[in-house]
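Take a look at the structure set out below.
The values are calculated or read from the model by the stated rules, or taken from the named source; none is laboratory data. Source: prediction; values computed, not measured. For neighbour counting, all protein chains shown are included, and Cβ atoms are generated from backbone atoms with ideal geometry for every residue, glycine included. Only protein heavy atoms, including side chains, enter the accessible area calculation; ligands, DNA and RNA are left aside. Shrake-Rupley method; radii C 1.70, N 1.55, O 1.52, S 1.80 Å.
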Amino acid sequence: MRCRKCDRQAVINMRQHKLALCEVHYPEWFILQVQRTIEKYHMFGYDDRVLVAVSGGKDSLSLWDVLLRLGYQADGLYIDLGIGRSDSGAAGYSAASREKAERFASQRSGARFIVVDLWAEYGETVPEVAKRVHRGRGRPCSVCGLIKRHVMNRVAREDNYTVLATGHNLDDEAATLLGNLLHWQIGYIARQAPVLLASGDGFARKVKPLCRLYERETAAYALLSGIDYIYDECPYAVGATSLYHKELLNRLEEESPGAKLQFYLGFLRARETGLFCEQGGAVELHPCINCGQPTSAPGLCTFCRLWKSQKESADDRP
Ligand code: Q46
Ligand code: ZN
Ligand code: ZN
């Protein structure tokens, strides 16, 4: 198959776009798509300071790479969750992904790279907090999500970043949407958007510039751009419902190319018409008495309550 734009051999065929491109024209196309998404949803401009949450995976590193190529002020934040530090069966996952992120950053002069090491700063890793809080049951993902959101927001506030960018791709967004629709989680559906505006004082604007790009498109970009990323998924992702939803959507896509994109874009259009407008009005927020981040409950935020219970259980020890 030949490239649509030149005579070279195509390296990717995107059936949903009826478009095949070569190794030169594909990365150009990908960068243009990201730029269009940023502009379409008014995500940020050249004056904004963007903090990119990088995990060492293909999506976040590709996003950081594209933003730097486009000339945005984009710095990277890696949160070392300590996965595989002491938990069996997850050998060295965080260490390996951190190494990929560090290597990528060292090759990008001019961009700042921030590392927050959870164990070093707070004295516990994500699996350890989850074990304590969930009494050893279930996967650590809910605690992990909460911790990541808190740390990202903390760094953004402390270092005056106006925007927080994550590498969620179309497959992620469509799977989240499907999961939320299956359970009619109206509150979550209402908040699922390419841009979440800063809500008053204390929350940075959150954006997902890859939300219209398929996972395989991001993987192809990373590969063609020589980005060395961690191939393995987090060991705790195995068996997650979101992976099952991704599989279902992949089957749909196989039968009907473009189905995933239509599903997600149709939702965004419905959102624009007000179909899933925020339910119940805005929640009143107060600053947490410990860290100052906004929280809906008066007193401590959920993150600080997590660590308070750590201190209490240590105090209770004989
Ligand atoms: S890193 Fe954390 Fe994910 Fe691993 S523990 Fe779960 S939430 S699966 S994106
Ligand atoms: Zn070409
Ligand atoms: Zn707090």
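In the set Phe104, Phe113, only one residue is in contact with a strand residue (DSSP E or B) (Cβ under 9 Å, 6 or more places away or on another chain), touching a residue at least 12 places away in the same chain (Cβ under 8 Å) and open to solvent by less than 30 Å² (accessible area, probe 1.4 Å); that residue is Phe104. Close Cβ contacts (under 6 Å, 6 or more residues apart or on different chains) running from residues in segment 1-25 that are assigned to a loop (DSSP other than H, G, I, E, B) to residues that are at pLDDT below 95 comprise Ala10/Met1. Just one of the listed residues (Gly56, Gly45, Gly71) is more than 16 Å from ligand 2 (Cβ to nearest atom), open to solvent by 30 Å² or more (accessible area, probe 1.4 Å) and assigned to a loop (DSSP other than H, G, I, E, B), namely Gly71.
Is it the case that segment 79-97 has a residue that's charged (D, E, K, R) and under 16 Å from Ser109 (Cα atoms)? Taking every residue of segment 79-97 in turn, none turns out to be charged (D, E, K, R) and under 16 Å from Ser109 (Cα atoms). Taken residue by residue, segment 94-111 has no member that is assigned by TED's automatic domain parsing to the domain that holds Ala204, part of a helix (DSSP H, G or I) and under 30 Å from Glu254 (Cα atoms).
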